[in-house]
Each structure stands twice: as structure tokens, then as C-alpha cells.
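Enquirer: Take this structure, written in C-alpha cells, and hold onto it; I'll ask about it next.
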Amino acid sequence: MANIMIRKTAEGGLSFYLPKRDLEDLIVSIEFDQADKWGGELKLANGGTYYVDPLNAQPKLPVSLRARRLDAPE
């Protein structure tokens, strides 16, 4: 598992940052994005997929979390 940071972009979207690989990309979808459950599978614009354990509430951004890589971009 890797430490990642998620922040809100100027356009209102979400940005994913993985410092260890200096990877920054936009998050195109989140599995759970409700007020009472947030996280799960994160799909990135580059095709990569990561998993964040769901939280009981939407976090205050920016937030640092632990994520597991599910699929690498081609």
C-alpha cells in the first residue's frame, strides 16, 4: 500500500498524487461518493485504478490516505 494525497483542483475535480512515483493525475470516478460513505475504487484519467478503504464521511480536502494499486495503466 502506498501513501497518496487527494485534493480538489481549481476546476472542481479531484486530483490524485502518489509522491513515491511522482504521479499526479485526475480522478475520473470514485466508487462511493456520498455524504455517509466515501472512497473505494478510484479510476484515474491515465487508466490506472487504486483502492482506498471507504470512509464513513467525505473527508476535508486535501487528505492523505493509504491506497492499493489495482490496475496499472498500459
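None of the figures in this text is laboratory data; all of them are computed from the coordinates on show. Just so it is clear, the model here is predicted, and its values are computed rather than measured. Cβ: placed from backbone, ideal geometry, glycine included. Neighbour counts: every protein chain shown.
Enquirer: Treating only the Cβ atoms of Lys and Arg (+1) and Asp and Glu (-1) as charged, compute the dipole magnitude of the chain about its Cα centre; round to the nearest 20 debye.
Expert: 300 debye
Enquirer: Same structure again: Tally Lys/Arg at +1 and Asp/Glu at -1 over every other residue whose Cβ is under 9 Å from the Cβ of Ser15; what's the total?
Expert: 0
Enquirer: Using 0.36 nm per residue, how much length does the chain from Arg66 to Thr9 gain when fully extended, once their Cα-Cα distance is taken away?
Expert: Gain on stretching Arg66 to Thr9: 18.5 nm.
Enquirer: Using alpha-carbon pairs under 8 Å, 6+ residues apart, how would you state the relative contact order of the chain in percent?
Expert: Normalised by residue count, the contact order of the chain is 30 percent.
Enquirer: Using each residue's phi in the stretch 26-38, evaluate 6.51 cos²θ - 1.76 cosθ + 1.60 at θ = phi - 60° and report the 3J(HN,Hα) Karplus result to the nearest Hz, with x for Gly and Pro.
Expert: Residue by residue, the stretch 26-38 yields 7, 8, 9, 7, 10, 4, 10, 9, 10, 5, 9, 7, 9 Hz.
Enquirer: Here are labelled values, (i) 1.51; (ii) 0.95; (iii) 0.92, and one is the computed Rg/Rh (Cα atoms, Kirkwood Rh) for what I pasted. Which one?
Expert: Recomputing Rg/Rh (Cα atoms, Kirkwood Rh) here picks out (iii).
Enquirer: If you don't mind, there's one more thing I want to ask. Just to confirm a number: summing +1 for Lys and Arg and -1 for Asp and Glu over residues other than Leu61 whose beta-carbon lies under 12 angstrom from that of Leu61, what do you get?
Expert: Neighbour charge sum, excluding Leu61 itself: +3.
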